[in-house]
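I have placed the structure first, in the form of structure tokens, so that the comments after it can refer back to it.
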Amino acid sequence: MDQSEFEKYGAASGGRLQVSYDSFVQAADGRRITAPVVLKNVMAVLPGTDPNDKRMLMVSGHYDSRVTDVMNIKDFAPGANDDASGVAAVMEMCRIMSKQKFSCTLVFVAMVGEEQGLYGATNLAKRAKEEGWNVHLLMNNDIVGNSYGMETDIKDNKSVRVFSEGVSALETPAQAAARQSAGTENDGKARQAARYIKEVAERYVDQLEVKLIYRRDRFLRGGDHTPFSQQGFAAVRITEMNEDFNRQHQDIRTENGFKFGDLPEYVDYNYLQKVTRMNLSVMANLGLSTQEPENVVVLTAGLTNKTALKWEVPKGKKPAGYYVLMRETTSPFWERKFFVKENSATLAYSKDNYFFGVQSVDEDGHESLVVTPKAGR
């Protein structure tokens, strides 16, 4: 079904959208896979228009579902919220965006095997690493259609969580030493991407607040962004604010007048629409942007109460200018943005007292991701 829908969008795109299976054989794991089985991620790739822009932006959901017993392959498992909601968001984004043109490549993925052990994402992340894909961001949408919190009796259709790791799993000793010296444990690629998501989504989607969660994922749970994080890519999990666990991984049944099960009637479709628009706004803004400035450096050779930064012009289309971003060291969000046209800037704020970042911006205001400067001379 996912493939046939993607192929319809491909036809409407004039053949630019490339639809395929990412197929692999998953070996028995002695836990949730009892025998070797062929699994397939369903992918739709929209190539970028700039041959010098090698960035790849990915958005995903997973199409497998389960009931209470993870090994039960017979009973009805609709998985309406976990995770048909995420797949629906991905497919609607693909339908809309495949008719447009973007500088970099966009990838829309319906993952397989998430419930059995993140197998589809693990295979695709490994392939991306081996084939040298320049995955700038993966937004994994998992459980994004419910606005009701089970224990709290709270209906919240205005908040969405973005989980992001702070320190890359592939951090080298040299990178760790630099991070510790600069105190930038909250400025890794995934966390910078999460800040970007918050700023752009709240700019374009009314009545939606993006809550940044400084964890890779929830306790006792996992998601398809994790294998990408483990391969060193910037990857985040997008998920609803308050989950209803009575309607996740449940046999369809009624007990004491309460109906259990992940059924379509318990999805808040207006909320799902907002989360989809959030993803689309971020992917479009980033897909239309110029590339990030390169070799961003904060100059630390001298004792001064100012901050001097320099960087190199990015590859591909030349930006209209750059934003230098600044925040207090205790602030999770960027607080000020300074526009400059040159590839250097000196600010009357001490480099010791603030965190800084630099991003490029085109003539229409589309910003790249933020680059954390390295200390240098």
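Give the Rg/Rh ratio for segment 66-212, taking Rg as the radius of gyration of the Cα atoms and Rh as the Kirkwood radius, to two decimals.
Rg/Rh: 0.99.
Two decimals is fine: what's Rg over Rh for segment 1-46, C-alpha atoms, Kirkwood radius as Rh?
That ratio is 1.21, to two decimals.
Have a look at segment 109-170 and give its Rg and Dmax from the Cα atoms, expressed in angstrom.
Calculated on Cα positions, Rg and Dmax stand at 15.6, 47 Å.
If contacts are Cα pairs under 8 angstrom and at least 6 residues apart, what is the relative contact order of segment 208-269 in percent?
18 percent
Which value in Å does the Kirkwood hydrodynamic radius of the chain take, with 1/r averaged over all unlike C-alpha pairs and then inverted?
One over the average 1/r among Cα pairs gives 21.7 Å for the chain.
Specify the angular offset, from 0 to 90 degrees and rounded to the nearest 10, of the alpha carbon long axis of helix 119-130 from the longest principal axis of the alpha carbons in the chain.
Rounded to the nearest ten degrees, it is 30.
Please list the three semi-axes, largest first and in whole Å, of the ellipsoid equivalent to segment 214-301, using sqrt of 5 times the eigenvalues of its alpha carbon gyration tensor.
Semi-axis lengths for segment 214-301 are 39, 18, 10 Å.
Could you tell me how many degrees, from 0 to 90 and to the nearest 10, lie between the Cα long axis of helix 173-182 and the main elongation axis, the longest principal axis, of the Cα atoms of the chain?
So the inclination is approximately 70 degrees.
For segment 37-81, what is the Kirkwood hydrodynamic radius in Å, using each pair of distinct C-alpha atoms?
So the Kirkwood estimate lands at 14.3 Å.
Determine one quarter of the surface area of the Cα convex hull of segment 260-355, which equals its mean projected area, and express it in nm² to one decimal.
Average of the hull's projected areas for segment 260-355 equals 10.0 nm².
Considering only Cα-Cα distances, which of the following residue pairs are longer than 21 Å: 99/315; 54/129; 40/101; 54/315; 198/351?
Distance filter (> 21 Å) returns 99/315; 40/101; 198/351.
Helix 2-12 versus the longest principal axis of the chain: what angle, 0 to 90°, nearest 10, using Cα atoms?
Tilt relative to the chain: about 60 degrees.
Can you give the charge dipole size of the chain about its Cα centre, rounded to the nearest 20 debye, using +1 on the beta carbon of Lys and Arg and -1 on the beta carbon of Asp and Glu?
That gives a dipole near 1200 debye.
Calculate for the chain the 222 nm mean residue ellipticity that helices alone would give, adding -39,500 (n - 2.57) per DSSP H run of length 4 or more and normalising by residue count, nearest 500 deg cm²/dmol.
My calculation for the chain gives -7500 deg cm²/dmol from helical runs alone.
How would 238, 252 line up by accessible area, probe 1.4 Å, largest first?
Descending accessible area places them as 252, 238.
Please report the antiparallel percentage of the DSSP beta bridges confined to the chain, to the nearest 5.
Roughly 65 percent of the beta bridges in the chain run antiparallel, per DSSP.
Over all distinct alpha-carbon pairs, what is the Kirkwood Rh of segment 1-130 in angstrom?
15.6 Å
The values are calculated or read from the model by the stated rules, or taken from the named source; none is laboratory data. Worth saying up front: this structure is predicted, and the values here are computed from it rather than measured. Don't worry about glycine lacking a Cβ; one is built from the backbone with ideal geometry, like all the others, and counts go over all protein chains shown. For accessibility, only protein heavy atoms count, side chains too; no ligands or nucleic acids. Shrake-Rupley method; radii C 1.70, N 1.55, O 1.52, S 1.80 Å.
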